[in-house]
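Take a look at the structure below.
All of the numbers you see were taken from the coordinates with simple rules; none came from a lab. Just so it is clear, the structure is predicted and the values come from calculations on it, not from any experiment. Positions of Cβ are generated from backbone atoms using ideal geometry, with glycine treated the same way; all protein chains shown enter the neighbour counts.
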There are 2 protein chains.
Amino acid sequence: MAKGLDLVAPSPVEEAAAQPEGVRRPVRGAGSRFVYETLHREILSLVLRPGAPLDETRLARRFGMSRSPIREALSRLSAQDLVMMLPNRSTLVAPLDLTTFPRYVEALDLLQRINTRLAAQHRPAASIPELRRKAELFDASVKLQDHLEMSASNSAFHIAIAAAGGNPYLARQYGALLDAGRRLLHLHFEYLEQTGGEYVLADEHHDMIDMIAARDVEGADRLAHAHTRQFHDRFMRFLRTSYVDDFPFERDDTDTGAEPNDR
Amino acid sequence: MAKGLDLVAPSPVEEAAAQPEGVRRPVRGAGSRFVYETLHREILSLVLRPGAPLDETRLARRFGMSRSPIREALSRLSAQDLVMMLPNRSTLVAPLDLTTFPRYVEALDLLQRINTRLAAQHRPAASIPELRRKAELFDASVKLQDHLEMSASNSAFHIAIAAAGGNPYLARQYGALLDAGRRLLHLHFEYLEQTGGEYVLADEHHDMIDMIAARDVEGADRLAHAHTRQFHDRFMRFLRTSYVDDFPFERDDTDTGAEPNDR
DNA sequence: TGTCGACTATGTGTCGACAATATAATAGCT
DNA sequence: AGCTATTATATTGTCGACACATAGTCGACA
């Protein structure tokens, strides 16, 4: 698929190709939920590119339903900052602003550390096998090279840690940050596969569970911090690498690059 | 109005009494925004009690518009956890779950400290007079005993600090927590006035600005932490007080008292 | 008299249509 | 030829209506 640094390419959405079931929608409130989940997945996996326009009418045609459920789904996505709704104008997939990447890592590190600390402090006994299971789901997806499942199960694992920590406020905010990060993960998955770095990640997960099981708060904190740093360093390396590799010679002079700022 | 501890009273919403302008709605996207802001204000100021049902049809009649803009406003409120939308059933003002109050304070403390620290580190010079202005707005509302304006300007002050810190992710999450806390503020405003404790709060604001202006990170952190602790302690005192006052005889023995721990 | 089932009522989820607005495309003017 | 005003087009915000889902009510039956 060769995704380079065109983070805001307004690529036209592949039109039809939804609607797998030929039968009627089963339950009543499912329309909006289905649209939400589908778009959620497609945005986080970069199938819908950052900056791509999301036309309500077009989406309504694609999903074979009215604009009302589409609108509700977009509204919910907008609340998570996954799409931007411009008043009286189109709504777009939220652009990936790499200038705030350091701020993002800063926030992620903080929430990851505090939630992991809380898990080590307060985890109920039953949460340990649950965490093992989630970590193994991630391992399995890594073995299958299933990108979508990798980012999903990775988030699910960390969210489970936060749930074990017992603070719903912090867990919720951590979850939002993890979601936003899934787009960055997908951005450099290919790079990850070349370097084989994801296996290190998987090991770190199990180490974290050990610390949480042992109620070693400082140890869990240290691992959580190192985990974020891993992510940060790998992503930065990816940025440098892909810059050198992907840049050909037919550069368009009118295009300033990857950052069409509209602030 | 003598609000006691009936936090989940499903009091019927005062019916009409909105719609101050007799003229037509000026601009196009204003309907939904107006409904959102009105409900937002009424929820945070406890005019709409926690647990109160929000009937879409009734709200549509009240605001003199269709259910579509009502629905959008409720959807946005739901994303902030200010209302609960029960599928295929009614939507209610989010109940105030006091059992999670310790968790809330924990989260608020963390976000308040980190954002205040960041402000002391990164604040641009121009932000200091801005903070002074916001602190004075809070002082003025305290003098006027304007509850709504007090909680609003208090949040605005702290959000300005977070903005000066320069991390939009952490600032946003801090803002959400501050919003949720406004309901708790309103809950014990009367108690605050009896004890005169709010003037201490106002002084603390100016002390925090001093620390931020001096780039004293540790000092700012210390004040932020003390500020949260102030809030926690006052609210706990309020709970004990009103508990004794309002619940004389029908005390539930399963309730352990003022510290509803569930860890 | 207690329990189960159908019926009614309230309210949401979804639909199709219309009106208003922003962008573009075109015409008019200097 | 370049710039402004106007029309045209596309897309959103809002509306009223209908159908389904849930809760409460009533009646039948054991």
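Worth pointing out:
- Added length on full extension, which subtracts the Cα-Cα distance from 0.36 nm per residue, A:SER66 to A:SER90: 6.9 nm
- Shown in residue order for the range B:203-211 are the 3J(HN,Hα) couplings computed by the Karplus curve 6.51 cos²θ - 1.76 cosθ + 1.60 at θ = phi - 60°: 4, 4, 4, 5, 4, 5, 4, 4, 5 Hz (x for Gly and Pro).
- Annotation: extensible slack from B:GLU218 through B:ARG240 equals 4.6 nm (criterion: 0.36 nm per residue apart, minus Cα-Cα distance).
- Euclidean distance between Cα centres, the range B:165-184 to the range A:103-139, Å: 23 Å
- Around A:ASN115: net Lys/Arg minus Asp/Glu count, Cβ-Cβ under 13 Å: +2
- More than 22 Å apart - percent of Cα-Cα pairs taken over the range A:75-233: 42 percent
- Label geometry 7 Å along the beta-carbon vector: B:ALA140 inter-copy distances in nm: 6.2
- The simple spin-label model puts a point 7 Å past each Cα toward its Cβ; for B:ASP81 and B:ARG229 those points are separated by 2.5 nm.
- Förster-model FRET efficiency, 25 Å R0, B:ALA140 and A:ARG172, C-beta, rounded to 0.05: 0.15
- The length gained on full extension between A:GLU149 and A:ALA30, counted as 0.36 nm times the residue separation minus their Cα-Cα distance, comes to 40.6 nm.
- Rounded to the nearest Hz, the phi-derived 3J(HN,Hα) couplings of the range A:47-58 under the Karplus curve 6.51 cos²θ - 1.76 cosθ + 1.60 (θ = phi - 60°) are 4, 8, 6, x, x, 5, x, 10, 7, 4, 4, 5, where x marks glycine and proline.
- Neighbourhood charge, 12 Å Cβ-Cβ cut-off, centred on B:GLY166 and excluding it, Lys, Arg +1 and Asp, Glu -1: +2
- Inter-copy label distances at A:GLN80, shortest first and taken from points set 7 Å along Cα to Cβ: 2.0 nm.
- With label points set 7 Å from Cα along Cα→Cβ, the inter-copy distances at B:HIS206 are 6.0 nm, sorted shortest first.
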